[in-house]
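Before any comments, here is the structure.
What follows is calculated from the coordinates using simple rules that are stated; it is not laboratory data. Small disclaimer: the values here were computed from a predicted structure and weren't measured. Every residue, glycine as well, gets a Cβ built from its backbone with ideal geometry; the counts of neighbours run over all protein chains shown.
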Amino acid sequence: MKNKKSQRSWLNNMELKHPLVIAGPCSAESEDQVLNVAHQLKKTDATVFRAGIWKPRTRPGNFEGVGEIGLKWLKKVKEQTGLLTATEVANPVHVELAIKNEVDIVWIGARSTVSPFIVQEIAEALRGTNKIVLVKNPVNPDLSLWLGAVERLQTSNVKNIGVIHRGFSSYEKTRYRNNPEWQIPIDLQNQFPDLPLLIDPSHIAGRRDIIFDLCQRALDLNYDGLMIETHHQPDDAWSDVKQQITPDVLKQITIDLKIRNEQGNAIEYQNKIANLRTQIDVADHKLTEILGKRMEIADKIGVLKKENNVAILQNKRWNEILEKMILQGEENGLSKVFILKIYQAIHQESINHQNRLHKDS
Ligand code: PEP
Ligand code: MN
């Protein structure tokens, strides 16, 4: 990964490395652990050390953070390594303590961004600050809440704001711990083009093996930085065990990542096309997922028909679907011929599935 200059606000003004790499453990556990990880990170592209001091756990009874003492360890990190430090704040007392202990970057967590009351209190506590304040997306896929949190900080005259995309929770379990829903950060960036946008692939993935791909996709979409949970012994971490990586793995990831945009027309073209292709990949992924889901429903209908001794082909129902879809297609700029072709293929695949079910049982 080669660095390039950021075009966006404070990242540019503060001459921070671009893409900005923030790394460190999910939670500060002990002074030794914090300093050990920080010294190893010094040999990577990371320039900011992160560690959660107060941990918002969804369910009680899990490790809830070491509290204020951890801030002293972050101070030592800065003194010994020169790395900047970052931690999560969830109320005005946290803000006051973080400022007192010279934390450089604070972030608002996904469970705080959902609450306008909490965000407002934090924004008041940060009024006029030059600290960098990063806002994670809310846990639920709601662009307005995310925008609202940014606007509350802006109204409190917080100067250096950025946002972190950490994915959105859903009841249905997918390959991600939190679905990326790429369209939401893209929409946010369209509304606030000057706001640096970072990805937190750790909380999106919930596992180690897809962190690289998420980072690459984010860089293809012009993100400005990465926040990656990194631990010297991930398997023994006190929180988020499955998604933390070692500093060595982080180093390799940043070496392998490609930054696709630099100056020049040809490069600008490459950049734009990579960006659009990534959006196409996201759309295609959704398409196949939704087609798979549709087919699962068709299978259930197949079983029901078999149990009730009903014929597979129901022409009346099928013609109704087609008419509806032709109308919807028109509304979405798709021709009748195209809709007919696509639905013929989908219908045929459903019938094949149902035929197979009838034969199998
Ligand atoms: C974290 O960064 O450790 C964290 C708790 O994140 P989130 O608020 O995105 O869940
Ligand atoms: Mn975590």
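Normalised by the number of residues in the range 120-172, the average gap of Cα pairs under 8 Å and 6 or more apart makes the relative contact order 50 percent. Each of Gly302, Ile339, Thr278 was placed along the dipole of the range 266-359 (beta-carbon charges, centred on the mean Cα), and the one lying farthest toward the positive end is Gly302. Which of rounded, prolate or oblate describes the range 200-318 when judged by the alpha-carbon gyration tensor and an a/c cut-off of 1.5? Oblate, because a/c is 1.5 or more while a/b does not exceed b/c. Couplings 3J(HN,Hα) for the range 165-177, derived from phi with the Karplus relation 6.51 cos²θ - 1.76 cosθ + 1.60 (θ = phi - 60°), are 8, 10, x, 10, 7, 9, 5, 6, 7, 10, 6, 9, 6 Hz, where x marks Gly and Pro.
Shape class of the range 51-140 from the Cα gyration tensor (axes a ≥ b ≥ c, square roots of the eigenvalues): oblate, since a/c reaches 1.5 or more and a/b does not exceed b/c. For the chain, averaging the sequence separation of C-alpha pairs within contact (under 8 Å, six or more residues apart) and dividing by the residue count gives a relative contact order of 14 percent.
Placing a label point 7 Å from the Cα of Asn62 along the Cα-to-Cβ line, the residues of the range 12-32 whose backbone N sits under 19 Å from it are 24-30.
Amide H contacts of Phe168: Asn179, each under 5 Å away and 5 or more positions distant or on a separate chain (H built 1.01 Å from N in the peptide plane; Pro and chain starts excluded). So what is the relative contact order of the range 221-352, in percent, for Cα pairs below 8 Å that sit 6 or more residues apart? Taking the mean separation of contacting Cα pairs over the length of the range 221-352, I get 13 percent. Counting beta carbons within 10 Å around each of Lys316, Lys272, Lys300 and listing the fewest first gives the order Lys316, Lys300, Lys272.
For the chain, excluding the exposed loop sites themselves (GluC sites (Glu not before Pro), DSSP loop, at most 15 other Cβ atoms within 10 Å), the longest remaining stretch covers 263-361. Each of Tyr343, Tyr223 was scored by other Cβ atoms within 10 Å of its Cβ. Listed from fewest to most, they are Tyr343, Tyr223. Residues Thr246, Thr58, arranged from fewest to most other Cβ atoms within 10 angstrom of their Cβ, appear as Thr58, Thr246. Annotation for Leu313 and Tyr269: the two label points, set 7 Å from Cα along the Cα-Cβ direction, are 5.0 nm apart.
Dimensions of the range 9-261 based on its C-alpha atoms, expressed as ranges along the principal axes with the largest first, amount to 41, 39, 38 Å.
Each residue of the range 301-306 was assigned a 3J(HN,Hα) from its phi angle through the Karplus expression (A = 6.51, B = -1.76, C = 1.60, θ = phi - 60°), giving 5, x, 4, 4, 4, 5 Hz with x at Gly and Pro. What the Cβ-Cβ distance of His347 and Gln191 gives, at R0 = 56 Å and to the nearest 0.05, is a FRET efficiency of 0.90.
Taking the Cα centre of the chain as reference, the dipole from Cβ charges on Lys and Arg (+1) and Asp and Glu (-1) amounts to some 520 debye.
For the range 119-273, the square roots of the Cα gyration tensor eigenvalues, ordered a ≥ b ≥ c, give a/c of at least 1.5 with a/b no greater than b/c, which places it in the oblate category.
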